[in-house]
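Engineer: Attaching a single structure in structure tokens format; questions to follow.
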Amino acid sequence: MDLLLAWPLPGARDLGAQLVAAYAHPDRRYHDTRHLTEVLDRVHELSAQEEAFDRMAVVLAAWFHDGVYDGRPDAERRSAAWAAEALPTLVEPEVVEEVVRLVLLTEGHRPAAGDDNGGALCDADLAILAAPEERYAEYTAAVREEYAHVPDDLFAHGRAAVLRDLLAKPNLFHTAYARDSWEQAARANVERELAVLEG
């Protein structure tokens, strides 16, 4: 699929191409064009299930949420800064503000109750947790490759902390559709990975 066909601002194809190029960087293993495609697919799936959210803001935030990803701190903040710089001449100021807020939200995936936009984006971003076992294994292997510079013991410790934090949430997902469709499989995947890391 030509990702640019999914770019929501046809008058700004150069910006869409810059984002595609960022996701296609050869150093990326998981946070790549496949991940962007999967997140966009899940946003569209949530929309098709009549989950209520601002589609333009959420789709733009999906495009920008990993615009910067290099294994260093503050990637979400730098991705949000890119959106804040690139979007003001293309969409209304309130849309820019919402996209920036949503991108920052993907750092912890903890939208407030009633945050429909945040719930939709976070659910789409974390939907990989509910993937079939083979795809989930590809995902975890790719994440490990992105952190190849981190020694095995430190990576396992950090990854296990992330997974325990996810499992501590009352729900991994925030929209009704995602909870009904993805929650059970996601928890099973995360619990299995955590058992391996801690075993």
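Engineer: Between region 63-101 and region 121-199, what is the separation of their alpha carbon centroids in Å?
Structural biologist: So the separation of the two Cα centres works out to 24 Å.
Engineer: To continue, here is another question. Compute the FRET efficiency between VAL143 and ASP41 as 1/(1 + (r/R0)^6), taking r as their Cβ-Cβ distance and R0 = 22 Å, and round to the nearest 0.05.
Structural biologist: 0.70
Engineer: In debye, nearest 20: dipole of region 82-153 around its Cα centre with unit charges on the Cβ of K, R (+) and D, E (-)?
Structural biologist: 40 debye
Engineer: Using DSSP to call loops (not H, G, I, E or B), can you name the GluC sites (Glu not before Pro) in region 48-92 whose Cβ has at most 13 other Cβ atoms within 10 angstrom? Don't jump to the answer; show the numbers that get you there.
Structural biologist: On the way: sites: GLU50, GLU51, GLU76, GLU85; in loops: GLU50, GLU51.
The qualifying sites are GLU50.
Engineer: Is it possible to state the helix-based mean residue ellipticity at 222 nm for the chain, with each DSSP H run of 4+ residues giving -39500 (n - 2.57), the sum divided by total residues, to the nearest 500 deg cm²/dmol? What is it?
Structural biologist: The per-residue figure over the chain is -20500 deg cm²/dmol.
Engineer: Averaged per residue, what accessible area in Å² does the chain show with a 1.4 Å probe, protein chains only?
Structural biologist: In whole numbers, the chain has 50 Å² accessible per residue.
Engineer: Subtract the Cα-Cα distance of GLN18 and ARG192 from 0.36 nm times their separation in residues, and report this length gain in nm to one decimal.
Structural biologist: Working: separation 174, 0.36 × 174 = 62.64 nm, distance 3.70 nm.
Between GLN18 and ARG192, full extension yields an extra 58.9 nm.
Engineer: Ranked highest first by the average count of other Cβ atoms within 10 Å around their residues, in what order do 97-106, 57-66 fall?
Structural biologist: The densest-packed peptide leads the list: 57-66, 97-106.
Engineer: Work from the charge dipole of the chain (Cβ charges, +1 for Lys and Arg, -1 for Asp and Glu, about the Cα centre) and give the residue of ALA84, VAL39, ALA22 farthest towards its positive end.
Structural biologist: Towards the positive end, the residue furthest out is ALA22.
Engineer: So if I place +1 on the C-beta of Lys and Arg and -1 on the C-beta of Asp and Glu, and nothing else carries charge, what would the dipole magnitude of the chain be about its Cα centre? I want it in debye, nearest 20.
Structural biologist: 240 debye
Engineer: If you don't mind, another one. Assuming R0 = 22 Å, what is the FRET efficiency of HIS157 and HIS25, from their Cβ-Cβ distance, to the nearest 0.05?
Structural biologist: Values: r = 27 Å, r/R0 = 1.23.
After rounding, the FRET efficiency stands at 0.20.
Engineer: Then there's this: Solvent-accessible area of ASP74, probe 1.4 Å, all protein chains present, reported in Å² to the nearest ten, please.
Structural biologist: 80 Å²
Engineer: Sticking with this structure for a sec: Where the only charges are on Cβ atoms (+1 Lys, Arg; -1 Asp, Glu), what is the dipole of region 1-104 about its Cα centre, to the nearest 20 debye?
Structural biologist: That gives a dipole near 340 debye.
Engineer: Which is farthest toward the positive dipole end of region 98-188 among GLY114, PRO132, ALA186, measuring Cα position about the Cα centre, with Cβ charges +1 (Lys, Arg) and -1 (Asp, Glu)?
Structural biologist: Of the options given, the answer is GLY114.
Engineer: Something else about it: Dipole of the chain (Lys/Arg Cβ +1, Asp/Glu Cβ -1, origin at the Cα centre): which of LEU197, LEU9, ALA168 lies farthest to the positive side?
Structural biologist: Of LEU197, LEU9, ALA168, it is LEU197.
Engineer: Label-point separation (nm) for ALA168 and GLU107, each offset 7 Å from Cα along Cα-to-Cβ?
Structural biologist: Here the modelled spin labels are 1.7 nm apart.
Engineer: Using a 1.4 angstrom probe on the protein heavy atoms only, line up SER47, SER181 by accessible area, largest first.
Structural biologist: SER181, SER47
Engineer: Here is a further query. Given springs between every Cα pair under 10 Å in a Gaussian network model of the chain, which of TYR23, TYR139, TYR147 has the largest fluctuation?
Structural biologist: Of TYR23, TYR139, TYR147, the most mobile in the Gaussian network model is TYR147.
Engineer: Let me test this: with uniform point scatterers at the alpha carbons of the chain, what is the Debye-based log₁₀ I(q)/I(0) at q = 0.14, 0.18 1/Å?
Structural biologist: -0.81, -1.35
Engineer: Here's a follow-up. Can you give me the % of accessible surface on region 1-91 that is carbon or sulfur? Probe 1.4 Å, all protein chains present, nothing else counted.
Structural biologist: Carbon and sulfur atoms account for 50 percent of the accessible area of region 1-91.
The values are calculated or read from the model by the stated rules, or taken from the named source; none is laboratory data. Since the structure is predicted, the reported quantities are computational estimates derived from the model, not experimental observations. Glycine also receives a Cβ, built like all others from the backbone with ideal geometry; neighbour counts cover every protein chain displayed. Just the protein is used for accessible areas: all its heavy atoms, side chains included, with ligands, DNA and RNA removed. Shrake-Rupley method; radii C 1.70, N 1.55, O 1.52, S 1.80 Å.
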